[in-house]
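Scroll down for the structure; my scribbles are underneath it.
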Amino acid sequence: MKTKQLHYFSGLAIATFVAIHLTNHTISVFGVDAHIRFMATIRHIYRNPIIETALLVAVITQIISGIKLVRKKATVFFEKLHIYSGLYLAFFLTLHVSAVLIGRFVLHLDTNFYYGAAGINVFPMSLFFVPYYSLAIISFFGHVAAIHSKKMGKTYLSLTPTRQAQMIFAFGWLITAIIFYGLTNHFNGINIPKEYNVLIGK
């Protein structure tokens, strides 16, 4: 199978999981309990050893194939967005997947809502984690938007492929704001359990 095909199919698998994962985070606007209940339900699917292994292989494949496919020449906005968002996602996935595996198998923590919220809500850790997570969400939607602008050749409801891509990218910014509203202590009065203090140096 060619590199582009590997990148495409691994990307579809990851995008499906990310869509579910971001839905889970969006639900946090209804409170921590709602977030954790939804997570507990979908974990029965993606914590299956076969699916989890397939996702891990997909992530590794996506990173390696993506780096190989990077083009140095990009002239228009969405071409540049495609490259830069992909590079950031490769960086993020490497760190994030590693952090989740360390949390589960080394620190023996439940990598649930609190695992992500701990760093976001505590200064000065928030100076890293807020841009780290927000750029990941924006990059995901940016990558999807860039692909859409390139692959979609039809106009719908008088919206050109470029305009559609712009709307997808703008939607990503909106979802990022909603998710951070749900994950932020300032709005939801989140109390981080003591066992997660190891993540913030306490």
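What is the distance, in nm, between label points placed 7 Å from the Cα along the Cα-to-Cβ direction at L127 and at K80?
Calculated label separation equals 2.9 nm.
Nearest 0.05, what FRET efficiency do T162 and L101 give at R0 = 41 Å with Cβ-Cβ as r?
Result of the calculation: an efficiency of 0.60.
Can you give me the pair-distance distribution of the chain, C-alpha pairs, 10 Å bins, whole percents?
8, 32, 36, 19, 5, 0
Once amide H atoms are placed 1.01 Å from N in the peptide plane, what residues at a sequence separation of 5 or more from L109, or on another chain, have their amide H within under 5 Å of its amide H?
Result for L109 returns R104.
Can you list which of the DSSP-assigned H helices in the chain have a Cα extent of 15 Å or more along the long axis and an average Kyte-Doolittle score of at least 0.0?
Taking the DSSP H segments of the chain (at least 15 Å long, mean hydropathy at least 0.0), we get 3-26, 32-46, 49-69, 77-105, 126-151, 161-183.
Which entries of K80/K150; K4/K154; K73/K154; K2/K73; K4/K150 show an alpha-carbon separation above 19 angstrom in the structure shown?
With Cα atoms farther than 19 Å apart: K4/K154; K73/K154; K2/K73.
With θ set to phi - 60° and the Karplus curve 6.51 cos²θ - 1.76 cosθ + 1.60, what are the ³J(HN,Hα) couplings of the stretch 189-196 in order, to the nearest whole Hz, using x for Gly and Pro?
x, 6, 10, 6, x, 4, 5, 8
No value in this document is a laboratory result; all are computed from the given coordinates. Here the structure is a predicted model, which is why all the values come from computation and not from measurement. Counting neighbours? That spans all protein chains shown, and the Cβs are built from the backbone with ideal geometry, glycine included.
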